[in-house]
1. Which Cα, out of A:TRP50, B:GLN77, B:CYS5, lies furthest along the positive dipole direction of the protein assembly as shown (beta carbon charges, K/R +1, D/E -1)?
2. Under the definition of partner shielding as Cβ atoms of other protein chains within 10 Å of a residue Cβ, what is the mean value for peptide B:121-127?
3. Where the accessible area of the stretch B:49-125 is counted over protein heavy atoms with a 1.4 Å probe, how much of it, in %, is carbon and sulfur?
4. Report, ordered by chain and residue number, the lysines lying within cross-link reach of B:LYS47, taken as a straight Cα distance under 27 Å and ignoring same-chain residues fewer than 8 apart.
5. Kindly report, to the nearest 10 Å², the accessible surface of B:ILE50 as traced by a 1.4 Å probe over protein heavy atoms only.
6. What translational D, rounded to a whole number of µm²/s, comes out for the protein assembly as shown from Stokes-Einstein when the hydrodynamic radius is the Kirkwood one over Cα pairs, at 25 °C and 0.890 mPa s?
7. Mind checking the dipole of the stretch A:4-74: about its Cα centre, +1 per Lys or Arg Cβ, -1 per Asp or Glu Cβ, Debye to the nearest 20?
8. Under a point-charge model restricted to the Cβ atoms of Lys and Arg (+1) and Asp and Glu (-1), what is the dipole moment magnitude of the protein assembly as shown relative to its Cα centre, in debye to the nearest 20?
Amino acid sequence: MAEKHQIDARGSYCPGPLMELIARIKQAEIGDELEVLSTDEGSANDIPEWVKKVGHEMIESFQADGVWHVVIRKVK
Amino acid sequence: MERICILVTSGSREKLQMAGMLASVGAVSGSEVLVFLSMNALTPFVKDRIDDIPAEGELGQLILDKQAPPFLQLFEQAVELGDAKVHPCSMAMDVLGVGRDDLLPFLGAPLGLTKFLSEAQGAQTWSF
């Protein structure tokens, strides 16, 4: 059964949040959702670009109370 | 596969940081990344020599103060998460008087300039 993982990368600067996501995605199972919390707007833009390039699924990206929530699904 | 070759010769914190960012993001984005460390850029990769990396200006100090990912960590992640290759320059090793055991363990085998030039042919090539 697919799981949801949350990666708290608040306070980290580019490319920290992306690298934390990649470290976790390697351990996740196909179908799992991963949500990155980031205060770095550059990372909020870069992570969807990386997802598109490597072929995972982008679910949503939104900002709430100064924190970006980038949610993706591992598909391969 | 897209190939990225990165030549790093500067020992300044800003340039090492940018090179590490490029290496790590490039490697985890599916590119084959080769980093060649020469001149002053090699010194921070010698064990116990990370102290006292000079900043060129304000950004270099802010990188430290705000605890951006350290450049050594970025290079190591490029290797571990993205299979990048980070090679020390054999000439710089000779001049510094260091062997492979003196270097951080994630570095690959010493490389000469001829081999680097050969690898860089037809690749995106960046220098810092």
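The values are calculated or read from the model by the stated rules, or taken from the named source; none is laboratory data. All of these numbers come straight from a predicted model, not from anything done at the bench. For neighbour counting, all protein chains shown are included, and Cβ atoms are generated from backbone atoms with ideal geometry for every residue, glycine included. These area figures cover heavy atoms from the full protein model, side chains too; ligands, DNA and RNA do not enter into them. Shrake-Rupley method; radii C 1.70, N 1.55, O 1.52, S 1.80 Å.
1. So the residue we want is B:CYS5.
2. If you average over the peptide's residues, the count of other-chain Cβ atoms is 0.
3. Answer for the stretch B:49-125 is 51 percent, counting heavy atoms of protein chains only.
4. B:LYS15, B:LYS66, B:LYS85, B:LYS115
5. 70
6. 138
7. Values: 8 positive and 13 negative charges, 52 e Å.
With only Lys, Arg, Asp and Glu charged at Cβ, the dipole is about 260 debye.
8. About 540 debye.
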